[in-house]
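Working notes, structure below.
The values are calculated or read from the model by the stated rules, or taken from the named source; none is laboratory data. All values derive from a computational prediction rather than experimental measurement. A quick note on method: Cβ atoms are made from the backbone with ideal geometry, for glycine too, and the neighbour counts reach across all protein chains shown. SASA here: full protein model, heavy atoms, side chains in, ligands and nucleic acids out. Shrake-Rupley method; radii C 1.70, N 1.55, O 1.52, S 1.80 Å.
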Amino acid sequence: MEATSVPLQPPTYGNFITVLSIDGGGIRGLIPGTILSFLESELQKLDGEDARIADYFDVIAGTSTGGLVTAMLTAPDENNRPLFAAKDIKDFYLDHCPKIFPQDSSTLFPFVTKISKALSGPKYDGVYLHDIIREKLGSLKLHQTLTNVVIPTFDITRLQPTIFSSYEVKKNPSIDALLSDICIATSAAPTYLPTYHFETKDAEGEVIREFNLTDGGVAANNPALVAMGEVSKEMIKGNPDFFPIKPMDYGRFLVISLGTGSHKAEEKYKATDAAKWGIMDWLTKGGSTPIIDVYSEASADMVDLHLSVVFKAFHGEKNYLRIQDDTLNGEISSVDIATTKNLDDLVKAGEALLKKPVSRVNLETGIFEVANHETNENALKRFAKLLSQERHLRHAKSPVGHALHHNKK
């Protein structure tokens, strides 16, 4: 089919720069996984059953669990097609999350056990997670992804973000790491999973860079702005793929940003209580990890707030779709309670989210409010048509498209 016969041609031949962004959130990756399965099915209705998410986006960004989904969607198989279809993401999470986050029901004193673990090391050893990621991604490296990817991590030695970017790797081979190493690193949530050390080497086996990394959510739990920044840097450098688009021409961006759910509908913590907390309370209060909740929610919401302002300023609100469920509460809002019931409930939450109206952040209050009568499902159908049209337009205008058309005659 035409949708998959050639790679997506550069934005210079089209109308938009297409961006997909996926938040971090542990097992809650099932929510964007469900959304992506629907989007891919809509693209397949337009362009055939072989169509895949990676065929339509100039860049896919993901943090933590979103970074893993990004790799799954863009890593090539032996036929140079995506290793996973979007519909496969759900089964991956359902099959493997209970082993990544095993639930300890054997202890008579669960609270004491939790405190003890918090004092002695991360909650989970990460062994199964590391093994399954290495098994699936093998020897694939960053430069081999089928479209551009942007995956944030945070280096605890340098105390600064390390962004694994397909754009950057072209001139900086020191970040051309194994995709498995990148995914393990971006998923290494503090207190939940161990930090991760690895090295990149040159052709002679000499170490060219050392990494000491933790979860990408420390830097950008919502990586949409990081992805757009990587694209803007390429424009500033004069990359011909983006000519004649200007760095501040945000009206040319077409962005789908997927959250993993939050619990704003529930009064999670109160200042009157938190004022008395010590370090252990910030790590274990209420069956959760408040300090992680705070930085991940703040990071994700600030990006959405910024992008909502930018797209409104450039009259491009219809080009920006943020899908997020802020009504999660109880166990379903956790990142690691990987019981069968909780995982099934997350799938149902993703399916229900498709039926909900599109919501946008209120620029005055910061609260999500219904934007119009369009459901997320209908918005995704609209975006699928735009993505398909954009792909066909680029194909028709590019030299590659002309060559293929000539060869068919």
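Before we move on, is residue 282 open to solvent by 30 Å² or more (accessible area, probe 1.4 Å) and either at pLDDT below 85 or in a helix (DSSP H, G or I) (or both)?
yes
Run residue 246 past the list (1) free of Cβ contacts under 8 Å to residues at least 12 places away in the same chain; (2) surrounded by 14 or more Cβ atoms within 10 Å (Cβ to Cβ) and report the number of the one that doesn't hold.
Result: residue 246 passes all but (2).
Residues checked against (1) in contact with a Leu (Cβ under 6 Å, 6 or more places away or on another chain); (2) within 22 Å of residue 188 (Cα to Cα):
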{"residue": "8", "(1), (2)": "no, no"}
{"residue": "16", "(1), (2)": "yes, no"}
{"residue": "19", "(1), (2)": "no, no"}
{"residue": "30", "(1), (2)": "yes, yes"}
{"residue": "41", "(1), (2)": "no, no"}
{"residue": "49", "(1), (2)": "no, no"}
{"residue": "88", "(1), (2)": "no, no"}
{"residue": "92", "(1), (2)": "no, yes"}
{"residue": "96", "(1), (2)": "no, yes"}
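Just for the stretch 120-149: of the residues that are without any contact (Cβ under 8 Å) to a residue 40 or more places away in the chain and out of contact with any His (no Cβ under 9 Å at 6 or more places or on another chain), which one is most open to solvent (accessible area, probe 1.4 Å)?
The first filter runs over the stretch 120-149 and keeps only residues without any contact (Cβ under 8 Å) to a residue 40 or more places away in the chain, leaving 120, 127-128, 131-132, 135, 139, 141, 143.
Subset that is out of contact with any His (no Cβ under 9 Å at 6 or more places or on another chain): 120, 127, 131, 135, 139, 141, 143.
Numbers: 120: 99, 127: 79, 131: 83, 135: 128, 139: 96, 141: 68, 143: 111 Å².
The residue in question is 135.
Go over the candidates 364, 374 one by one and state the one that is modelled with pLDDT under 90 and not basic (Lys, Arg).
364
Quick check: is even one residue across the stretch 238-255 farther than 25 Å from residue 161 by Cα, modelled with pLDDT under 85 and not aliphatic (A, V, I, L, M)?
The answer is no, given that none of the residues of the stretch 238-255 is farther than 25 Å from residue 161 by Cα, modelled with pLDDT under 85 and not aliphatic (A, V, I, L, M).
From the list 273, 304, pick out the single residue that is surrounded by fewer than 17 Cβ atoms within 10 Å (Cβ to Cβ) and at pLDDT 80 or above. Walk me through how you get there before you give the answer.
Details: 304 fails: surrounded by fewer than 17 Cβ atoms within 10 Å (Cβ to Cβ).
Result of the check over 273, 304: 273.
Condition (residue is more than 30 Å from residue 394 (Cα to Cα) and open to solvent by less than 20 Å² (accessible area, probe 1.4 Å)) applied to the stretch 249-261: is it met by at least one residue?
Going through the stretch 249-261, the residues more than 30 Å from residue 394 (Cα to Cα) turn out to be 260-261.
Remaining after also requiring open to solvent by less than 20 Å² (accessible area, probe 1.4 Å): 260-261.
Checked against the condition, which is being more than 30 Å from residue 394 (Cα to Cα) and open to solvent by less than 20 Å² (accessible area, probe 1.4 Å), the stretch 249-261 yields at least one hit.
Mind checking which helices (runs of 4 or more DSSP H) fall wholly inside the stretch 1-90 and carry at least 1 residues that are at pLDDT 95 or above, open to solvent by 10 Å² or more (accessible area, probe 1.4 Å) and of a type outside the set (Val, Ile, Thr)?
Output list reads 30-47, 65-74.
Here is a list: 379, 396, 349. Which entry is of a type in the set (Gly, Ala, Ser), surrounded by fewer than 18 Cβ atoms within 10 Å (Cβ to Cβ) and not in a loop (DSSP other than H, G, I, E, B)?
Step by step, each of 379, 396, 349 is checked, and only 396 is of a type in the set (Gly, Ala, Ser), surrounded by fewer than 18 Cβ atoms within 10 Å (Cβ to Cβ) and not in a loop (DSSP other than H, G, I, E, B).
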